[in-house]
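The values are calculated or read from the model by the stated rules, or taken from the named source; none is laboratory data. Treat the numbers as computed from the prediction; the structure is a model and nothing was measured. Note: ideal-geometry Cβ built from the backbone for every residue, glycine included; neighbour counts use all protein chains shown. Side chains included, ligands, DNA and RNA excluded: accessible areas come from the protein's heavy atoms. Shrake-Rupley method; radii C 1.70, N 1.55, O 1.52, S 1.80 Å.
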Amino acid sequence: QVQLVESGGGLVQPGGSLRLSCAASGSIFSINDMGWYRQAPGKQRELVAAITSGGSTNYADSVKGRFTISRDNAKNTVYLQMNSLKPEDTAVYYCNAQARPYYIGNYYPYWGQGTQVTVSS
């Protein structure tokens, strides 16, 4: 089975920085789009940033200019560099990947377990 394992979450002060990582493992043939979502208590899960296999990116307006998404295809890993963090960024962050397993010809969405990011003084 395809698995996504996230790391890098934690507690940081406003204005600080944090880097999230998400590594995909398993019988993976290839990975297409990857992205980061977040969900705060009482709110819907929202897209934070996404990146295509070719490296094209897009961001939510609320994080534009502060967050940077990147990927290392050789490691099947996607990153989210978060700078100038605000209390409003506090949420559980989830990694997403469109992955194609071996023996199956289609891409399917996979989700990480989530990592908590808390921005507070």
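The table below lists the values:
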item: Accessible surface, 1.4 Å probe, highest first, among residues E6, E46; result: E46, E6
item: Value of Rg/Rh across the range 39-117 [Cα atoms, Kirkwood radius]; result: 0.99
item: Approximate spin-label separation Q81-F29, in nm, with each point projected 7 Å along Cα-to-Cβ; result: 3.4 nm
item: Sites K43 and D72 - FRET efficiency at Förster radius 25 Å, r taken between beta-carbons, to 0.05; result: 0.25
item: Cα-based reach from K64 at 18 Å (exclusive), listing lysines while leaving out same-chain residues under 8 positions away; result: K86
item: The range 58-71 - phi-based ³J(HN,Hα) in whole Hz, Karplus 6.51/-1.76/1.60, Gly and Pro as x; result: 8, 9, 5, 4, 5, 10, 4, x, 10, 9, 9, 9, 8, 8
item: Per residue accessible area in Å² of the chain, where ligands, DNA and RNA are left out and the probe is 1.4 Å; result: 54 Å²
item: At R0 = 35 Å, FRET efficiency that the Cβ-Cβ distance of N58 and Q3 yields, to 0.05; result: 0.85
item: Dipole magnitude of the chain, debye to nearest 20 (Cβ charges: Lys/Arg +1, Asp/Glu -1, about Cα centre); result: 40 debye
item: Surface share of carbon and sulfur [accessible, 1.4 angstrom probe, percent] for the chain; result: 46 percent
item: Rg(Cα) / (2.2 N^0.38 Å) computed for the range 1-73, rounded to two decimals; result: 1.21
